[in-house]
Amino acid sequence: MDHQKPKFYALSMFPYPSGSLHMGHVRNYTITDVIARLKRMQGYRVLHPMGWDAFGLPAENAAIDRGVHPAKWTYQNIDQMRSQLKCLGLSIDWDIELATCSDDYYKWTQWIFLQFFDAGLAYQKEATVNWDPVDQTVLANEQVDSEGRGFRSGVKVERKLLKQWFLQITHYAEELLNDLGQLPQWPERVKLMQANWIGKSTGAYLEFPIIGTYQKIGVYTTRPDTVYGVSYLVLAPEHPLIKQVTTEERKSVVEIFIQEVINESELERTKDDKPKRGIPTGGKAINPFTGEEIPIWIADYVIYEHVTGAVMGVPAHDTRDFKFAKEQNLPIKVVIIPETGDLSVELTAAYTEPGIITNSDQFDGMDSVHGKQAIIEFAETQGIGKAMVQYRLRDWLISRQRYWGTPIPIIHCPNCGAVPVPDADLPVKLPENVEFSGRGASPLAKLESWVNVPCPRCGTPAKRESDTMDTFLDSFWYFLRYPDAHNKQQIFDSGKINDWLPVDQYVGGIEHAILHLLYSRFLTKFLRDRGLFSFNEPFKCLLTQGMVKGLTYVNPNKSGKDKWVSSSEVNPEYPCDPETGEELIELYTTMSKSKGNGVAPEDVIAKYGADTTRMFVLFKAPPEKDLEWSEADVEGQFRFLNRLWRLVTDFICTQNGINTVTTKEISQMEKELHRTIHTSIKEISKDLEGSYQFNTAISELMKLSNAITDAKCKDSAVYAEGIRSLVLLSAPFAPHITEELWHLLGNSDSVHSSTWAKYKAEALVADQIPLVIQIMGKTRGVIKVPADLDKIALEKYARESELAQRYIKDREIKKVVVVPGKLVNFVVG
């Protein structure tokens, strides 16, 4: 590869090898391929790789259901999907293909984990987790639906206390937030989603003494200005102080309540539309600002992992607290009023806006914004609180109790504790002789011959960590491996990484806007700090393509999977449920097998060819918008490519071998075609930079095709230039047909290694321009006039034109309105 050329790293988010491509894959990889092909033609050296996000639960479930090893199932799927991708004509460098389940890849995933461990950013602790009782594994909050069910098994998850491994992503929270400003070529909504996920807030940590003990309950609040309105405290059911604050007579009901709540998922407990449940403990605390006694409650909506696991109840100024206080008949004390002073004595809703502090001793009359800081300063001088910056982001729980994942390279020794596996012993390979039952402990935990090992430090009998890593660890660094994919001595050569990274264009779904992208940014900053490379962000430009939607039908009288009716079973003129005869609702929704609206890419390719398939997904909608599948639009692109073929082959049969263009002594039609050619080059080149408006670029190709078709100068050099330019400009979109046509035009090299067309500025200057003729403001037609006429000359040309004379004749012209370069309007009697 010529390293004198500028580099361009074009990357699509790699797929999970499920066994078959869907139209979403086609769209994603075609977009990136067009960019990669364009950049090569523009003189860049391009890295355009592909790999497989190959670990994960589906393969293990397949092993359980089908009796086949996850590795065999996964590699079969990879082979099938690779052949499907190749049918699309993707210009991928298959020599550096990778799969995350290969031990020469996950060796370095384990090495990365040990770097975190060495830095003190990988640690193990007990945590309450979402436990799927069917899949027997921990689920992230994002893998639990709104009803508290696991994303694969569909059963209610349980809350379970387990010892788990975490990566301390919160160590980089501030930098991850601030550096979003270094990403001007990311979609604003993605940056906003990440900022909200990180969730920085500035507030106060306040302590409330527990009556009858020497202990205090710590709370975090973003509204210290409302502290004089606290009428109760609420603890999470898991809070360690519950036993100490619960009175003897309340003990049994508190224990029953905790058991009812503790198995609910965090999502269930915090849903806005769900009633908030809670009970008093009988204990009381002191509001250190007022000296008043306030009751201590426990409630389901308070989560122990959220900051301190306790909140102060200020019902007059918090919507959730207001609702809870009303339900439980708790006091509501107003301490913030609007600047107008108008606030109903009998509140019907919480007042949550800024205002004037009241009922708050020496802070009365202050505006609440400045009052926050004054109250924090007071708390610090009194030793009852302090300023605090808090993040919604929590440390990343990476443990999974499954087999098909990267083993965590830790050995637990009774003497030495958690000991890292030495680098020389990596990778810790997944054993093959395991049984898959889908029940009980992980297959690794049951394999004694694998689990039992000596401690690397002292030789004492010890045990391997049997948890595997969250698959997000496999994908949060894969883009760093491609530039040096075959390096067996180190994770990568830093020189190669600094040369190729950051990725110039990353393409993938919006569903990865938070976790994958945030984790990759986190890793990049960590490895930078370890001295492995010098850049701060992994992806320079990000394109989040829309979903591919297909036509389907819904029976509103049914629920679940039964409500979807495949379009193949419905008469579109009279859409009725084939089982019940009930009227159906027609809509476009994301393609899926369950909805019966999926379109298999191989079927489209078999019928229309890969180039048509590519052209359709690029033309139908801008890349960031959702795309609605339409057979008619596929047919339209098929017809365009056939027209392209006929144009070029007809030209080849009649051409005179003229390949040079001169603007001297050529006809007006040739001049106009020449201008259209270079306008197309300019507009298509502009569409393919930055925002990648492939649909408008293809529209320009169609305009150029129409202009060539209509041109009455087929034996001219200008026409030959038009044919050549049309093929060249179409190449990134339709690589197969253009390659063949390029060779038919007599070229020995590949069209894809040819130089991208450049427009000539002088060719864009028009000799003649269209001038609209209006009579009494109504357009009557268009005439061609010289481009350099002034107002007087334009009026003369227009007045004397046959078109104008047809309507003016002998009528009196009362007024003439001339808009240079656009129109002449005659006002007549």
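The values are calculated or read from the model by the stated rules, or taken from the named source; none is laboratory data. Since we're looking at a predicted model, the values are computed, not measured. All Cβ positions, even for glycine, are placed from backbone atoms using ideal geometry, and neighbour counts span all protein chains on display.
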Across the range 481-502, the tally of residues that are in a helix (DSSP H, G or I) and of a type in the set (Val, Ile, Thr) stands at 1
Restricted to the range 568-597 and to residues being among the hydrophobic types (A, V, I, L, M, F, W, C) and assigned to a strand (DSSP E or B), the residue nearest to SER630 (Cα to Cα) is LEU587
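Table: residues versus (1) assigned to a loop (DSSP other than H, G, I, E, B); (2) modelled with pLDDT under 95; (3) out of contact with any strand residue (DSSP E or B) (no Cβ under 9 Å at 6 or more places or on another chain).
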residue: LEU726; (1), (2), (3): no, no, yes
residue: LEU729; (1), (2), (3): no, no, yes
residue: ALA763; (1), (2), (3): no, yes, yes
residue: LYS784; (1), (2), (3): no, yes, no
residue: ALA798; (1), (2), (3): no, yes, no
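Residues are listed down the side, and each one gets a yes or a no for (1) assigned by TED's automatic domain parsing to the domain that holds ALA122; (2) touching a helix residue (DSSP H, G or I) at 6+ places or on another chain (Cβ under 9 Å); (3) under 24 Å from GLY218 (Cβ atoms):
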residue: ILE336; (1), (2), (3): no, yes, yes
residue: THR348; (1), (2), (3): no, no, no
residue: GLY355; (1), (2), (3): no, yes, no
residue: ILE376; (1), (2), (3): no, yes, yes
residue: GLN382; (1), (2), (3): no, no, yes
residue: ALA418; (1), (2), (3): yes, yes, no
residue: VAL421; (1), (2), (3): yes, yes, no
residue: GLU432; (1), (2), (3): yes, yes, no
Taking the range 19-61 and the residues there that are part of a loop (DSSP other than H, G, I, E, B) and of a type in the set (S, T, N, Q), the one that is modelled with the highest pLDDT would be GLN42
Of the residues in the range 62-95, those that are touching a helix residue (DSSP H, G or I) at 6+ places or on another chain (Cβ under 9 Å) and assigned to a loop (DSSP other than H, G, I, E, B) come to VAL68, HIS69, LEU88, GLY89, LEU90, SER91, ILE92, ASP93
Could you go through the range 706-719 and let me know if any residue there is part of a loop (DSSP other than H, G, I, E, B), acidic (Asp, Glu) and either within 50 Å of the chain's Cα centre (by Cα) or at pLDDT 95 or above (or both). no
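Listed here are the residues, each with its yes/no results for (1) crowded, with 19+ Cβ neighbours inside 10 Å; (2) more than 15 Å from PRO224 (Cα to Cα); (3) out of contact with any Ser or Thr (no Cβ under 7 Å at 6 or more places or on another chain); (4) touching a residue at least 60 places away in the same chain (Cβ under 8 Å).
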| residue | (1), (2), (3), (4) |
| --- | --- |
| MET312 | yes, no, no, yes |
| VAL335 | yes, no, no, yes |
| GLU353 | no, no, yes, no |
| ASP367 | no, no, yes, no |
| HIS370 | no, no, yes, no |
| GLU377 | no, no, yes, no |
| LYS386 | no, no, yes, yes |
Residues in the range 29-76 that are aromatic (Phe, Trp, Tyr) and within 20 Å of the chain's Cα centre (by Cα) total 2
Contact list, first residue from the range 801-823 and over 15 Å from THR779 (Cα atoms), second anywhere and of a type in the set (Phe, Trp, Tyr), beta-carbon distance below 9 Å, six or more apart or interchain, is ARG811/PHE826; ILE813/PHE826; LYS814/PHE826; LYS815/PHE826
Picked from the range 605-650 (must be of a type in the set (Gly, Ala, Ser) and more than 22 Å from the chain's Cα centre (by Cα)), the residue farthest from LEU701 (Cα to Cα) is ALA606
Within the range 388-441, the residues that are within 21 Å of ASP104 (Cβ to Cβ) and small (Gly, Ala, Ser) are GLY405, ALA424
Within the range 279-297, residues at positive phi and touching a strand residue (DSSP E or B) at 6+ places or on another chain (Cβ under 9 Å) come out as GLY282
Here, helices (runs of 4 or more DSSP H) confined to the range 218-324 with at least 3 residues that are at pLDDT below 95, under 42 Å from the mean Cα position of the chain (by Cα) and small (Gly, Ala, Ser) are none
Scan the range 639-661 and tell me whether some residue there is buried (at least 16 other Cβ atoms within 10 Å of the Cβ), at pLDDT 85 or above and not hydrophobic (A, V, I, L, M, F, W, C). no
